[in-house]
Amino acid sequence: MDTKNKGFNSKLIHAGGFHDRLGSAVTPIYQTSTFSFESAEHGAQCFSGESDGYIYTRLGNPTIIDLENTVAELENGFGGIATSSGMAAVNAVYLGFLSAGAHLVSHNAVYGPSRAVMESLYPKFNIKSTYIDTTDLEQVKNAIRPETRLIFLESPANPTIGITDIHAVCKIAHEKGIPVCVDNTFCSPYLQKPLDLGADVVLHSMTKFINGHADIVAGMIVTKTKEHYKMLRSIMINVGCNMDPHQAFMTRRGLKTLAIRIDRAQQNALKVAEYLEQHPKVEWVKYPGLKSHPQYELAKKQMSGSGAMLSFGLKGGLSAGKTMMNNVKLALLAVSLGGIETLIQHPASMTHSKLTKEAKEKAGISDGLVRLSIGIEDIEDLIEDMEQALVKV
Ligand SMILES: *Cc1c(COP(=O)(O)O)cnc(C)c1O
């Protein structure tokens, strides 16, 4: 069914364009590595592109293509490229846009491994990078060099919840002919559409909100143009960071409830944020839906909801953070995010522990910072859990 002019929820359920001859209500799992041709001529046509028949699963598979088409439609992009993980998507974008001598500009609090791999692996290809606070447009302008070939944004950024003005950065970048990629994992296309804001490429760790059930690791790239699509698809195929059909099926299934999951989770998140903000043991709370967020107005303009991610600072630093971690009962003490269950983590001792003290400070990750990914549990139970853990801090 053509869902182009349908609403977001209808797209979540019906987009993808797959038709099953037997009438299967959902796109089946084509758990096969290879596809047989009808004849030598048909095989030749599949290879030349005259026929859109399938060849080999690393190149394309009906279950995976259904998911790629769906996410591309949700992001208003040209095409989607599914990858084995979010990090595979990040690296495919790096490899696609950066050649020897190139330079990347990115946010100093991007997802830890997105920065770690850039700073540890890419220098051996003579690729350089500058990490700055992209929420400050002056810093973005000053970081750009003649050899800058990609601006890599994440907004809201992890775990400081800093919000970058995507439209404004794209304007600065495009004046210099530099493409912009946005990691849209924290928002999903339900809350933010970077391509509509001017970005060239958007990527996701679908491990998070898109799948939403903490049972799959998966990634996706969506491009605005056919040229970028072809270039990045060829990288995915040649690097071999393709998705598996079963992974695609699971993700497509989770995706159907994206909007209702996020609606519920962000209702909970606002209530938790308001609760924490008035708590005497809490120094500050960062949540785009709170008026106290320094970029509250930008968030309202750029995002269609405040999301389910928030962070807060405990008075008492590292030991207070650890005490809180050890005393929550309902929230799971775990990294990752965007699932139906509430997760709590402490970046200074966990996800960002590899950063130097100085890098942590620059990225705004204080010792008492606690990050929450709010799930869809009952709000009374969530608040009660925070309350009983905070008493012990
Ligand atoms: C988790 C995450 C990634 C990496 O995704 P994986 O699926 O774990 O490889 C990239 N960016 C952001 C913002 C993430 O949260």
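For the reader, a short list of remarks on this structure follows.
- Table column - 3J(HN,Hα) (Hz), segment 51-60, Karplus curve with 6.51, -1.76, 1.60, x for Gly and Pro: 10, 9, x, 8, 10, 7, 4, 4, 7, x
- The Cα-based radius of gyration of segment 241-393, divided by its Kirkwood radius, gives an Rg/Rh of 0.99.
- The chain: relative contact order as a whole-number percent, Cα under 8 Å and 6+ apart: 16
- Cα-derived Rg over Rh, computed across segment 26-159 with Rh taken as Kirkwood radius: 1.10
- Segment 265-393: relative contact order as a whole-number percent, Cα under 8 Å and 6+ apart: 30
- Loop sites in segment 1-61: trypsin sites (Lys or Arg not before Pro), DSSP, at most 10 other Cβ within 10 Å: K4, R21
- Antiparallel DSSP beta bridges within segment 240-372, as percent of all bridges there, nearest 5: 85
- Per residue, the convex hull spanned by the Cα atoms of segment 85-139 measures out at 78 cubic angstrom.
- Restricting the calculation to Cα atoms, segment 280-358 shows an Rg/Rh of 0.99 when the hydrodynamic-style radius is the Kirkwood one.
- Computed from backbone phi, the HN-Hα couplings of segment 301-315 come to 6, 8, 10, 8, x, 8, x, 10, 9, 8, 9, 8, x, 8, 5 Hz, rounded to whole numbers (Karplus: 6.51 cos²θ - 1.76 cosθ + 1.60, θ = phi - 60°; Gly and Pro given as x).
- Nonlocal amide H pairs with Y111, under 5 Å, H built at 1.01 Å: N158
- In sequence order, calculated HN-Hα J values of segment 80-87 (Karplus, 6.51, -1.76, 1.60; Hz; x Gly/Pro): x, 10, 7, 10, 5, 7, x, 5
- Sites K256 and K226 - FRET efficiency at Förster radius 35 Å, r taken between beta-carbons, to 0.05: 0.80
- Listed residue pairs exceeding 23 Å between alpha carbons, taken from K315/K357; K4/K176; K224/K360: K4/K176; K224/K360
- Spatially proximal lysines relative to K6 (Cα-Cα < 16 Å; intrachain offsets below 8 disregarded): K256
- Square roots of 5 times each gyration tensor eigenvalue, C-alpha, the chain, largest first, Å: 36, 26, 18
- Straight Cα distances below 12 angstrom link K141 to the aspartates and glutamates D133, E175, with same-chain residues fewer than 8 positions distant left out.
- Beta bridges assigned by DSSP with both partners in the chain are antiparallel in approximately 55 percent of cases.
Since every read-out is calculated from the coordinates, none of them should be taken as a lab result. Values in this document were obtained by computation on a predicted structure and should not be read as measured data. Note that each Cβ is placed from the backbone with ideal geometry, even for glycine, and that neighbours are counted across all protein chains shown.
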